[in-house]
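The values are calculated or read from the model by the stated rules, or taken from the named source; none is laboratory data. Fair warning: this is a prediction, and the values are worked out from it, not measured in the lab. Virtual Cβ from ideal backbone geometry, glycine too; neighbours counted across all protein chains shown. Surface areas here come from the heavy atoms of the whole protein model, side chains and all, with no ligands, DNA or RNA. Shrake-Rupley method; radii C 1.70, N 1.55, O 1.52, S 1.80 Å.
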Amino acid sequence: MSPAIGQPIRRIEGRAKVLGTARYAAEYPIRNLAHAVPVLSTVPRGRISAIDTAAAVASPGVLTVLTHLNAPRLPYRQPKEVPATNPKVGDPLRPLRDDVIRFDRQYVAVVVADTLEHAEAAAALVKVTYEPLTGVTSFDRALPNAQLPREGGRTGPYRRGTPDAAFAAAPVKVDQRYVVPTEHHNPMEPHATVAVWNGSQLTLYDKSQWVQNIQQHAALAFGIPYGNVRVMSPFMGGGFGSGLRAWPHIDLAAMAARVVKRPVKLSLSREAMYGTVGYRPETRMRVRLGSTPDGKLTSVMHEAWAQTSTYEEFTENTLGATRLMYDVPNLSTTYRLVPMNVSTPTYMRGPGEVTGMFALETAMDELAVALKMDPVQLRILNEPPKDLSVNLPWSLRTYVDALRDGAKRFDWARRTPEPGSMRDGGLLVGVGVAGSTYPGNRNPASARVRMDPDGTVTVQSAGTDIGPGTYTSMAQVAADAVGVDVSRVRVELGDSRLPYSNAQGGSALFASLSPAVRQAGLELARALVMAAVSDARSPLRGLNPDTLISAGDRVGVKADPTKFVTHAELLKRLRRPLEAHATSAPSGKPTHSIHSFGAHFVELTVDPDVYEIRIRRIVSSFGVGAVINPRTAHSQAVGGIIGGVGMGLLEETRSDPRRGRIMNANFSEYLIPVHADIPVFEAEYLKEFDPIIGPLGGKGVGELPIVGVAAAISNAVYHATGKRIRDLPITIDKLLAD
Ligand code: MOS
């Protein structure tokens, strides 16, 4: 039997998704369901001076209208430990707690009615009068309030060597500023929660990347035991990070359900998705690079100013990649937060790394130009021998391999370096390169693997599959561990009653959960072998278990395939399923720095008259260790690169500078790539194995592919036009103005 790991197996939940039988949060058929529609604030800062709900209450089908004046006061007990996806510093938003408006589109009321239409109609009748206060909604005006994050740690200031002196003395310098704007997650499936109370038991069907986080949050919010809360999120229509936290609409749905004593569904509109489910924070950066005339980096200084809300300090690892990417003895990073009257940002695909690497990898291109050096060569020349930021060896670093592999497949050698020197008819052709990196994170996770009398193997974990193919990869891991064909494996995920798992986030789930699934699978295989040697009627009774193997549909003698007993016979006689449970956790102090690396090569055309940019090709190469499923991994690569194209050319949440309202909270004005924007991507993974990340040798692939894409695009636009656009997205107006 050939191993399932490494095979391009089709997603096992694909059919259910295509047929519509895979249920998303808003799709559970619940009897007697009532519908909640929130009312959103229209000012970014102020107080509610009056709220008139009379017309809404009298509107047909309305069951209740909750505001800060009549909403139940929830206990909101404090967690023992703040979940890793919540800001460590601050006071989370409690919906309908007070009359204070902290940001645009904050919940000010929720209308519950018998139908969605009745709830929407009544919500439009709620009249809110505000006493507006001057909000801090412009980044420029907020900048003087910038401060170091209070949490310290990896977001605190970092320094090695003497970067200022080395920069001052450097014969070749780059000193530039870069901007990544606010960007919103726009998954196809909006956030939704269905809340069902049964006495003091609460069931939540919620769009979540971490069901047990929602379980803990809801238990503490309502002051009930964890065990009273069940959270289901087996399928999602796209995650990207907005499903990592417990957001206030969950509280609203559960609160409303308790008030009306009926199950309540609250499904956010696309507009409301711009209110309180997070976004990538606008981040302004300054990068200074110093180098010798032959391209050896002598100094790197990277500063960032990132927006956060007035009530929480959201931080991300924006400058972590800079500290480890290149071989430079003198380096400093400084990260500051800029509080504004906005809702709290959150993680969005490649959080931190994607922002910092846009600046660093564009600056590296600017340095290559200043040096008149090939930008691939410049990067290879500055390859570090170890992770200088933590002074540890790499578990596996194949950045140079990725650069060389990508350059070869892209035919980088045909590039002529002078901007505007490559043409195709009337179009300018530009090519650009940028690097990528993402940490190989691991957290504790557990799984159960069971074999039923019919021979079916079931894998269970509370971990979710937000789309990358966790159902399929865990089936592959379990199949090989138990020694059965992958077609016999079922996988159950996304239910808080199943064994504990970390979030599907930070690209950490695969490497966290797969060792637990593998271990449980191996223990199940061992249990089958032990049953074969101990069962009274087994032909293998009394044999040394070490001479036997579980493979295919049977336990057999390794040296003599004619001697065997089938799994089905063993289980029939046992009259019960066999199961094993395992937990995996990273052990002790890290001995290695674990990161994935990659490189993107972009070819695009620019119309010299109107500066229209069209992407022609993106060739990417990634080193992530072993790839468990080339098909789903390729899909992650493509999805991430599309996200990078959006970041490079289209995505930007814009606010009215006077009133602080988000102006494009919809799909027609917040632009994301469509099929016509996207050519075929040539994404490949290097054939490699990282023994340090875990027994399967592979790191998660969710985030790496988006990191660096925007820089590679920016570098290609420069190569085509000679114009360097340092604030994303790169749009026609910026090229015309330059
Ligand atoms: Mo990812 S931003 O950790 O879902």
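Computed FRET efficiency, Cβ-Cβ of R177 and V100, R0 41 Å: what is it to the nearest 0.05? Calculated value: 0.75.
For N145 and K687 in one chain, what is 0.36 nm times their gap in residues minus the Cα-Cα distance, to one decimal in nm?
On the way: separation 542, 0.36 × 542 = 195.12 nm, distance 4.81 nm.
Extra length from N145 to K687 when fully extended: 190.3 nm.
Split the accessible area of the chain by element, probe 1.4 Å, and carbon with sulfur accounts for 53%.
Place the peptides 672-678, 441-447, 54-60 in order of packing, highest mean first, counting for every residue the other Cβ atoms within 10 Å and averaging per peptide. Intermediate results must be reported in sequence, preceding the final value.
Values: 672-678: 12.7, 441-447: 23.0, 54-60: 15.0.
Ranked from most to least packed, the peptides come out as 441-447, 54-60, 672-678.
With +1 on each Lys and Arg Cβ and -1 on each Asp and Glu Cβ, how big is the dipole of segment 613-738 about its Cα centre, in debye rounded to the nearest 20?
Working: 14 positive and 13 negative charges, 53 e Å.
That gives a dipole near 260 debye.
Evaluating 6.51 cos²θ - 1.76 cosθ + 1.60 at θ = phi - 60° for every residue in segment 140-146, the Karplus couplings come out as 4, 6, 7, 3, x, 8, 4 Hz, glycine and proline recorded as x. Each of G425, S49, A146 was scored by the projection of its Cα onto the charge dipole of the chain, and the greatest displacement toward the positive side belongs to S49; charges sit on the C-beta of Lys, Arg, Asp and Glu. Available extension along the chain between E612 and T416 is 68.4 nm, counting 0.36 nm per residue and deducting the alpha carbon span.
Label sites at Y76 and A165, each approximated as a point 7 angstrom past Cα along Cα to Cβ, lie 5.0 nm apart.
Per residue, how much accessible surface does the chain expose to a 1.4 Å probe? Answer in Å², no decimals. Please report the intermediate quantities before stating the final value.
Details: 28060 Å² over 738 residues.
Ligands and nucleic acids excluded, the figure is 38 Å² per residue.
Can you tell me the FRET efficiency between R409 and D733 if r is taken as the Cβ-Cβ distance and R0 is 35 Å, rounded to the nearest 0.05?
Rounded to the nearest 0.05, the efficiency is 0.55.
Hey, can you rank 38-45, 111-118, 424-431 by average C-beta count inside 10 Å, highest first? Mind showing how you got there, number by number?
Numbers: 38-45: 22.5, 111-118: 20.4, 424-431: 16.8.
Order by mean packing, descending: 38-45, 111-118, 424-431.
How many times 2.2 N^0.38 Å is the alpha carbon radius of gyration of the chain?
Numbers: Rg = 27.3 Å, N = 738, 2.2 N^0.38 = 27.1 Å.
The value comes to 1.01.
Note on I678 and S269: their simple-model spin labels are 2.8 nm apart, each label 7 Å out from Cα toward Cβ. Comparing V196, V529, L268 along the charge dipole axis of the chain, the residue lying farthest to the positive side is V529, per the Cβ-charge model.
Taking every full run of DSSP H in the chain, the ones that stretch at least 20 Å from end to end by Cα along their long axis and average -0.5 or higher on the Kyte-Doolittle scale are 353-371, 509-534, 630-649. The value of relative contact order for the chain, using C-alpha pairs under 8 Å at least six residues apart, is 16 percent. Residues whose amide H comes within less than 5 Å of that of V172, counting only those at least five positions distant or on another chain, are S291 (H built at 1.01 Å from N in the peptide plane).
Summary of the geometry: segment 653-712 and segment 400-460, compared by the centres of their Cα atoms, lie 11 Å apart.
With contributions of -39500 (n - 2.57) from each DSSP H run of at least four residues, the per-residue ellipticity at 222 nm computed over the chain stands at -7500 deg cm²/dmol. To the nearest 0.05, how large is the calculated FRET efficiency for T115 and A58 if R₀ is 22 Å and r is the Cβ-Cβ distance? The value I calculate is 0.85. Counting only heavy atoms of the protein chains and using a 1.4 Å probe, D99 has close to 40 Å² of accessible surface.
Where does each of 159-165, 506-512, 603-609 land if you order them by average Cβ count within 10 Å, highest first? Let's see the in-between values first.
Details: 159-165: 15.7, 506-512: 26.7, 603-609: 18.6.
So the peptides 159-165, 506-512, 603-609, ranked by packing, come out 506-512, 603-609, 159-165.
Taking all Cα pairs closer than 8 Å and separated by 6 or more residues, the relative contact order of segment 215-350 comes to 24 percent.
Using a cutoff of 8 angstrom between alpha carbon atoms and counting only pairs six or more residues apart, the relative contact order for segment 413-501 works out to 28 percent.
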